[in-house]
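> My questions will all concern the structure given below.
Here, each number is a calculation from the coordinates, and none is a lab measurement. As the structure is a prediction and not an experimental result, all values here were calculated from the model. We place every Cβ from the backbone using ideal geometry, glycine too, and count neighbours over all the protein chains shown.
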Amino acid sequence: MGQNQAAHASSDDVSGEEEFDPIGTLTLIGIYFVILLLSWVYIYYIEFLGRDLVVVG
Amino acid sequence: MHIHAYEKLWLAASLLLILLLIGSVTYGAVGPGVAMISDSEQPIDSQGLDEDDRFSEPRVEQVGENEYAAYVVAYQFGFNPDPIVVPANSTVTFYVTSRDVTHGFEVVGTNANTMVIPGEVSELTVEVGEPQEYGLLCNEYCGAGHHVMEGKVNVVSQEAFEARNDGGDDA
């Protein structure tokens, strides 16, 4: 397995992977990530903890 | 092995997200003291609730300074007592059991929500605030009258609670 990976890595490097630069995909995933974070903050801290009668025991 | 810079970024962001999720749940447990409803209560005989100390007379009683216990029996199709009257700004522990089938105990619009299983006692402790009237309903399908199974949790002022309980002794 180690040898296999090494072989692939060398062939990838030859093809010049860093030229593959999908900035649009990165931006889109970044936006999704921010939506996910804001949703979590809203659902947990505002909706859940903000309601009455939090179960404490 | 070569890893693309974007992949490294994505791996780091995923780990950060996991830490944030675990961190906020930990904060909830340590800060506001959010707890789970556990199975710590001993099983009881659902057919023998009439002879049970706590459930033969479902009621709210004072168990400590500003601490109250509410013993509630859910049945087809309602809750006893109804309404459940508790004093404002106190700590209330609900002990809920069923005498027939599985029910739900949900104080509407709040986090006080548990399943009620015959033979088991669900225990949940909440801090109640200012006087207010909450709805109470069954959220487990329990039979033909499930949709009419509802109750009330009334949070009343300390004086009103005491006056009501003094009156209740005569009855």
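> Using only the Cα atoms, what convex hull volume per residue in Å³ does the protein assembly as shown have?
For the protein assembly as shown, the hull spanned by Cα atoms encloses 200 Å³ per residue.
> Right, something else. Could you give the length gained by full extension between B:H4 and B:E133, i.e. 0.36 nm per residue of separation minus their alpha carbon distance, to one decimal place?
So the extension gain works out to 40.6 nm.
> Towards the positive end of the charge dipole of segment B:11-63, with charges on Cβ (+1 Lys, Arg; -1 Asp, Glu), say which of B:I22, B:A12, B:Q42 has the farthest Cα.
Most positive-ward Cα: B:A12.
> Next up: Pull out the extension gain between B:E150 and B:D53, defined as 0.36 nm times the separation in residues minus the alpha carbon to alpha carbon distance; nm, one decimal.
Full extension of this stretch gives 32.5 nm more.
> Modelled label-to-label distance, B:V63 and A:W40, 7 Å Cα→beta-carbon offset: nm?
Distance between label points: 3.6 nm.
> Sticking with this structure for a sec: Please rank B:L49, B:L21, fewest neighbouring Cβ atoms within 10 Å first, as an exposure proxy.
Ascending Cβ contact count within 10 Å gives the list B:L21, B:L49.
> Can you compute the charge dipole magnitude of segment B:1-79 about its Cα centre, using +1 on each Lys and Arg Cβ and -1 on each Asp and Glu Cβ, nothing else charged? Give it in debye, rounded to the nearest 20.
So the dipole magnitude of segment B:1-79 works out to roughly 860 debye.
> Moving on to the next point. Which value in deg cm²/dmol, rounded to the nearest 500, describes the helix-derived mean residue ellipticity at 222 nm for chain B, given -39,500 (n - 2.57) per DSSP H run of n ≥ 4 and division by the residue count?
Theoretical 222 nm ellipticity from helices: -8000 deg cm²/dmol.
> Please check: in the Gaussian network model of chain B (C-alpha springs, under 10 Å), which one of B:A74, B:A88, B:A13 has the largest mean-square fluctuation.
Comparing B:A74, B:A88, B:A13 in a Gaussian network model of chain B, the most mobile one is B:A13.
> With r defined as the distance between the Cβ atoms of B:V25 and B:M115 and R0 fixed at 22 Å, what FRET efficiency is calculated, to the nearest 0.05?
After rounding to 0.05, the efficiency reads 0.55.
> Shifting gears a bit: How long are the semi-axes of the ellipsoid equivalent to chain B, from square roots of 5 times the Cα gyration tensor eigenvalues, in whole Å, largest first?
39, 21, 15
> About its Cα centre, how strong a charge dipole does the protein assembly as shown have in debye, to the nearest 20, once Lys and Arg get +1 and Asp and Glu get -1 at the Cβ?
It works out to roughly 600 debye.
> Could you identify which residue out of B:T91, B:T110, B:T26 has the top mean-square fluctuation in a GNM of chain B using Cα springs shorter than 10 Å?
Most flexible of the set in this elastic network: B:T26.
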